[in-house]
Structure formats: structure tokens, C-alpha cells
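The values are calculated or read from the model by the stated rules, or taken from the named source; none is laboratory data. Everything numeric here is computed off the predicted structure, so don't read it as measured data. Heads up, the Cβs are rebuilt from the backbone with ideal geometry, glycines too, and the neighbour counts pull from every protein chain shown.
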Amino acid sequence: MQIIPVASGKGGVGKSLLSANLAIALGQAGKKVVLVDLDLGASNLHLVLGQSSPKSGIGTWIADNTDFEDIVTITDYENVDFIAGDSEIPGLSALTADRKKKLISKLQSIDADYVILDLGAGTHSIILEMFLLSSQGIIVSAPTVTSTLNAYLFLKNAVFKLISTTFKDDPKGKNWLKNLQKTSHSMQRLYIPKLIEELEKISPETTKTLKERLQKFCPRLILNMIDDPKDTDKALKIRRSCNQYLGLNVEYMGVMYRDAYQDKALASRLPVIIYKPKSIISQGIYRIAEKVIATENQNYDLGITDDIEADAAASFDVIAEEAEEDYALKMASLQDLIGSGTFSTGELTEMIKTIQYELTQVKKENLLLKSKLVKAANQGFKV
């Protein structure tokens, strides 16, 4: 059984969209899948899945001490079961240590080929811990400056969570890390390879364990809401930053184009790959599912870092080619839609307005970034 946590640095980037549709795509491929809504503070995955409001879920299981099997719901989709989150139960997003341990134990014992965890957005401690249940967690980002930055910061926090967890029973290393955390300036400029060098001087044995865990840790990046093949460059920047500052390899797993069919599918209470399986976004999800299946037996504990890095780098070239192909298909299908009357004049106008608004926001973000760079340069920083 493989656990696939799906996370994002910020909300609204399509994390739940991917989780639900990926589960269905894997189920259609003959894999037994359990989809779990772990956005415990704002559970709404059932809406993306097209299910009615659940009567029970993780919240009721914790509160009522019912059998875990009783909260597993059979869906309308082949080979896919669902566990709801129950956001209406107070305190569910802040589980006690005992409840968290109990939940993790149950998740790890599920009888399935894949258990997909739709996590909450952000870097809350429980989100990071759930993300680290697998070395192959998926991080979803949009191509905007803020989204890519938040994706990087999420991975940075995940790495630091892995470090602090590894040293929790090592007094010397634990105290050194605590002192580091007290200084916000040190945390902002945290350079993981350098930090590991310092930890190696303090606690060589525990640092050896940390290095082994970091070598296994190979998160996968998916870029959603892209409009142009050039947007894939944003993913390359995330990978470079992770490699340079975190000592982390990131695999580029795929892209999903912005697609008007998604809104129509949601309004129809159907996952998009059911509503329109041949749409551009659906094809992107099917490709991601194929890659998940192709690597289901992959062992990340190979001890051959150079080979893993080569695979990760090659993934960026493949995705760039796929993005070019999808863009050509998107332009062709858009011409068909305009001529076929699938969208009304009002809907097409709204699409254009949305694109114009997004371009305006990107311009504002670029101006803000430029002003910060100029300010940093004037203060003597190297930019």
C-alpha cells in the first residue's frame, strides 16, 4: 500500500481537484484507492468528488469511538472509497498526540493499493507530519509568484520538520535546533546543507540517520492553472531553490492547464474526468496517474543520489514537452468551443475578464518583487 499525501503552500491552487480526480483515474486503472479528506478544519472534498454531505467521518470516529471501517464510504466510482473529514466538529484541526497517533496507525493499515490524503493548505504541524508519512508526497502549486513561493516555503518547513523529528530524542542536537529557532533572522536565512554540517559536529550518529531520511525524501511537484507552456519555468525555479537551499530533490510530475470545464463539472457535481474525460485538464490528470502507477514499486532508499538527481532533472524536460502539446490542444479546443456554442457570449466574456484580471495581478506582483529587489540592492544585499 502506498500513501500519497497531497498538499499546497496556500489554498485555491487545485489540491482537492487533483486528489479527487487522481483517485478516480487510479481506480479506473484497476487500483484499489481510498481517498481521505484530511483538510480537517475545512473539509469539503465530498463536493469535488460529487458526493452528498457525509453523515460520518474522521470527526465522528474520534468523538464517538466508532469503528474506523464504519466511516469508509463506497463511492459511485470504480475501486474508490472515501473517508470524510467532518469540519463541523470543534477542535478537529488540532488533534491531541494520542488521537493523531491513532489516526496515523489506522491510515497506515488501510487495505488498498493507494491511500490519497487531501491535506489542508499551509504549514500547520499536523499537515507537515501527514505529508511526511510518505517520501513521495505531492505538492500542488499555481504558476503565480505567491503560489510558487508558498510551495517552496512548505517544502522548507517539511524539511525542518523532518530534521526536528529526527533529533527529538537527541538532547544535544535538539537544544541546538531550539536555540536556532529562537532567532527569526537565522530561520529566514536557513541553509539546510550548512545546518547539516553543524549538526554533524554536534551529533554525528543522528545526523547520519537524518541524511538517510533526506535521501529518501523526494516530493513531487504538480503545476496547476497554467495558461502557457512557459509557465513550466516556475517549477524549474522551485526545484533549483529546493536543491540549492534545502539539499532536496523535487520531481516534476505534471501540469494541469486552466480549463473552463472544471467549473462546469463542479456545478454539475461531477469530477472533471467523469464530466469531460477528454478535456485538457483530464488528460493531464490521467498522465499523472500513469506516472504514479509506473513508480509504485520504486524504492527511494537506493543510496544512489546521483541517479535520483538525474531522474528528477529529466522529469522537467518531459513535462515541458507535455505542456507544449497540451497548449496546442487547448488552443484548438478553444476555437472549437467558440464556434460550437458550448459557452455563451457571457461566459466567454467572463473568461476573458478573468484572464485580464490575472494578468493585472501578475504585473502587480512583478512590480512589488522589483521594488523589493531594488530596496535590497540599496541596502547592500547581493541580488
Inset, instruction - Name, by its number, the condition in (1) buried (at least 23 other Cβ atoms within 10 Å of the Cβ); (2) more than 16 Å from the chain's Cα centre (by Cα); (3) β-branched (Val, Ile, Thr) that does not hold for ILE274. - result: (1)
Inset, instruction - Please specify each residue of the stretch 89-119 satisfying the condition of being under 20 Å from the mean Cα position of the chain (by Cα), modelled with pLDDT of 85 or more and part of a loop (DSSP other than H, G, I, E, B). - result: ASP113
Inset, instruction - Tell me which residues, restricted to the stretch 257-267, are free of Cβ contacts under 8 Å to residues at least 40 places away in the same chain and either in contact with a Phe, Trp or Tyr (Cβ under 9 Å, 6 or more places away or on another chain) or surrounded by fewer than 19 Cβ atoms within 10 Å (Cβ to Cβ) (or both). - result: TYR261, ASP263, LYS264, ALA265, ALA267
Inset, instruction - Could you pull out the residue among SER19, SER43, SER8 that is within 17 Å of LEU117 (Cα to Cα), touching a Gly at 6+ places or on another chain (Cβ under 7 Å), crowded, with 24+ Cβ neighbours inside 10 Å and among the small types (Gly, Ala, Ser)? - result: SER43
Legend entry - Meets criteria (in contact with a Leu (Cβ under 8 Å, 6 or more places away or on another chain) and part of a helix (DSSP H, G or I)) for LEU248: no
Inset, instruction - Just one of (1) surrounded by fewer than 21 Cβ atoms within 10 Å (Cβ to Cβ); (2) in a helix (DSSP H, G or I); (3) among the polar types (S, T, N, Q); (4) touching a residue at least 12 places away in the same chain (Cβ under 8 Å) trips up THR73, so point out which. - result: (2)
Inset, instruction - Could you grab the pairs with beta carbons closer than 9 Å, sequence gap of 6+ or different chains, first residue in the stretch 40-58 and assigned to a loop (DSSP other than H, G, I, E, B), second one surrounded by 20 or more Cβ atoms within 10 Å (Cβ to Cβ) and basic (Lys, Arg)? - result: none
